[in-house]
Amino acid sequence: MIACLPMYDWPELRTAHDAFWQDTGTRLRASGIASPASLSRSGNDESHWLDPDLLLGQTCGYPLSTALAGKVRYLATPVYNVTGCNGPYYSSAIVVRKDSPLTMENWQGGCFAFNSVMSLSGYRSIKALVGPPETFFTNVRASGGHRNSARMVANGEADLAALDAVCWHLLQQFEPDTAAMLKIIGWTEQRPALPLITSLATTLTTIDKIREVLSDISPPAALAITGFEIMNVAEYDRLAAL
């Protein structure tokens, strides 16, 4: 079995994620569920998500409704206590440099940095506002991650980016000099936050036990998770249209 939490696994948070899994895994084993001793960090995200031995992982809502549809099972949605999140929903901060004249009323053109075209927060949420970014903006650049997008805007390599609310929170904590070079000109619509998933092979009985453990656990404060909610999967299914 494997477990992975790649979506917010910044180097500064790895100790907290490891502690969260140690507690979760211990409780699962006590309830009779075979669980890995540690989180998996080798390989790419997709290989983990589609691994038939995946016990617990985290993905983005857009892949869940598209590339992973019918290939994994939904477990739960973390509730993050950060600005831009509300219960199991989150949004993205649209950021520009502090000295930028861009506003939400005047932001066409320029260079848009995004983490991935499969990202709900970094790409699809902007597409929902303006249509294809490739035609709305003069230039678009894939950064590979929200942290990289923020750095590109701060360094003048891009004019704006949409940063997932949790990543914006983490940037202010762990890279305050970069965050201080940026300002928020708006927020995207709130949508279901990043879901926890498990293999399609995981039984419903095991899913129930995982959910029981999650309902009782208190994640490390550094993760800013106050609990987990079970959402209607149809809310994620609707994201496929973005």
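Restricting attention to segment 1-44, the residues being within 15 Å of the chain's Cα centre (by Cα) and in contact (Cβ under 8 Å) with a residue 40 or more places away in the chain number 8. Count of segment 212-233 residues, restricted to those that are charged (D, E, K, R) and either free of Cβ contacts under 8 Å to residues at least 24 places away in the same chain or exposed (fewer than 15 other Cβ atoms within 10 Å of the Cβ) (or both), is 2.
The set of residues in segment 102-158 being surrounded by fewer than 18 Cβ atoms within 10 Å (Cβ to Cβ), free of Cβ contacts under 8 Å to residues at least 24 places away in the same chain and in contact with a helix residue (DSSP H, G or I) (Cβ under 8 Å, 6 or more places away or on another chain) consists of Val130 alone.
Say whether the condition of being among the aliphatic types (A, V, I, L, M), within 20 Å of Lys71 (Cβ to Cβ) and under 20 Å from the mean Cα position of the chain (by Cα) is met by at least one residue in segment 195-202. Among the residues of segment 195-202, at least one is among the aliphatic types (A, V, I, L, M), within 20 Å of Lys71 (Cβ to Cβ) and under 20 Å from the mean Cα position of the chain (by Cα), which makes the answer yes. With the requirement that a residue be under 19 Å from the mean Cα position of the chain (by Cα) and surrounded by fewer than 18 Cβ atoms within 10 Å (Cβ to Cβ), what does segment 159-179 give you? The answer is Gln172, Gln173, Phe174, Glu175. In the set (1) within 25 Å of the chain's Cα centre (by Cα); (2) farther than 13 Å from Ala161 by Cα, the condition left unmet by Val95 is number (2). When Ser47 is tested against (1) free of Cβ contacts under 8 Å to residues at least 60 places away in the same chain; (2) under 14 Å from the mean Cα position of the chain (by Cα), only condition (2) is not met. Residues in segment 24-59 that are farther than 22 Å from Ser119 by Cβ and surrounded by 16 or more Cβ atoms within 10 Å (Cβ to Cβ): Thr24, Gly25, Arg27, Leu28, Ile33, Ser35, Pro36, Leu55. Scanning segment 197-214 for any residue that is aliphatic (A, V, I, L, M), in the same structural domain as Glu46 (by TED's automatic domain parsing) and either touching a Pro at 6+ places or on another chain (Cβ under 8 Å) or at pLDDT below 95 (or both) turns up at least one such residue.
The values are calculated or read from the model by the stated rules, or taken from the named source; none is laboratory data. It should be emphasised that the depicted structure is a prediction, and the values quoted were computed from it without experimental measurement. For neighbour counting, all protein chains shown are included, and Cβ atoms are generated from backbone atoms with ideal geometry for every residue, glycine included.
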